[in-house]
Amino acid sequence: MLLGMIFALFINFVTSLFWVWVMMDLSTIFLIPFLCCGMSLTGMNKWYKGSATYFVVQFMGSASVLYSSLTLWESSLSVISLLFLVSGFMLKLGLFPLHFWVPRAFANFHYPAIYFTGVVQKVFIIFALPYVDSVNFTNKLIGLSAFFSILYGPVVMFNCTNIKTFLGYSSINNTGLMVACCIVTKYLFVFYAICYSVSMVFLLMILGVCMSDNIKEMGASLPNFYFWGFLSLGSSFSGFPPFTDFCAKFAVVTVYVDYKMWIFVLAVLLSSLVNLLAWIWVTVSIIRAMPAEDYCGPTLVNKCVNNGCILWNAMGGMLLLYLY
């Protein structure tokens, strides 16, 4: 896992498209053992559907990037090479319409794997996008894919009964937002990525104690002492002001208005409305099933997670927005 993160980080320091491919492949290879570590608990079938699907798709994306880096110098193949380059990055990031693997893989991952494949690795790969959007043609394709990802994710979230699949479609939405931010300015991307990644840490730490992945049943195994922490998370991801997710999207919309990118302003506003309804449904479904009393009291770690979650969602976004 550590080597996978290191090679993903090195993507930001290489100077050619070939070395971007090398670092992405090495990051994927060293992440596979970490994804498979829950194999004995989840069973071979789940391991195949999750880790193997992720492995195959990532190498298909890497193959497209490699082919592009080897043929881009040939002027007669430049358009085809650029198409392979864009499709490779879209496939690795899980952007619409090459998002098909994300919910399938997430449904069979453990929560730490969801975080590292859905947040950490994607953030580092997005840093390599300047290699893709330096040409106007590819810039428009990436922007169009991000636009539809922003709209598509929240709509499909309504049809989910499994929380991990729900998080998969949420990841498609937030990946689209991060890519759209990176197209405008890296400072906006870093701001949104920090807000999203820290919020996901708290969410997955709380959901990790649940014994079920079914949205309507998992609340029964969620301890009551996490009530306020989970409520603050649900309110933040729903987009209620002044919570962190609202502050992040407010900054994004403000920048889009400054750049007169009205189509992305519309996409963010529409997706935020649907996202609000989806997260309210999930939050209410889980809270209603939570037990009235706990069989045991919270540990020091439980208290730190709960209080940290409340503080981050209540004040983290406003603090980062002030600094930004």
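Table for the structure above
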read-out: Packing-based exposure ordering (other Cβ within 10 Å, fewest first) of Lys140, Lys249; value: Lys140, Lys249
read-out: Taking Leu188, Leu95, Leu273 and counting other C-beta atoms within 10 Å, the order from fewest to most; value: Leu273, Leu188, Leu95
read-out: Under 5 Å, built H, 5+ apart or other chain: amide partners of Phe96; value: Ser149
read-out: Kyte-Doolittle mean at least 0.5, axial Cα span of 30 Å or more - DSSP H helices of the chain; value: 136-157, 163-184, 186-207, 262-288
read-out: Percent RCO, i.e. relative contact order, over the range 178-324, from Cα pairs under 8 Å lying at least 6 residues apart; value: 37
read-out: Spread of Cα-to-Cα distances over 20 Å intervals beginning at zero, given as percent, for the chain; value: 32, 58, 9, 0
read-out: Neighbour-count ranking [beta-carbon atoms within 10 angstrom, fewest first] of Trp262, Trp101; value: Trp262, Trp101
read-out: Expected 222 nm ellipticity per residue - DSSP helices of 4 or more, -39500 (n - 2.57), all of the chain, to 500; value: -22500 deg cm²/dmol
read-out: Inter-label distance, nm, simple model (7 Å from Cα along the C-beta direction), Ser212/Thr71; value: 5.1
read-out: Restraint check, Lys49/Lys122; Lys49/Lys186; Lys122/Lys186; Lys49/Lys303; Lys164/Lys186, Cα-Cα greater than 24 Å; value: Lys49/Lys186; Lys49/Lys303; Lys164/Lys186
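Readers should treat all values here as calculations from the given coordinates under stated rules, not as data from a laboratory. On a predicted model such as this, the values are computed, not experimentally measured, just so you know. Here the Cβ is made from the backbone with ideal geometry for all residues, glycine too, and neighbour counts use every protein chain on show.
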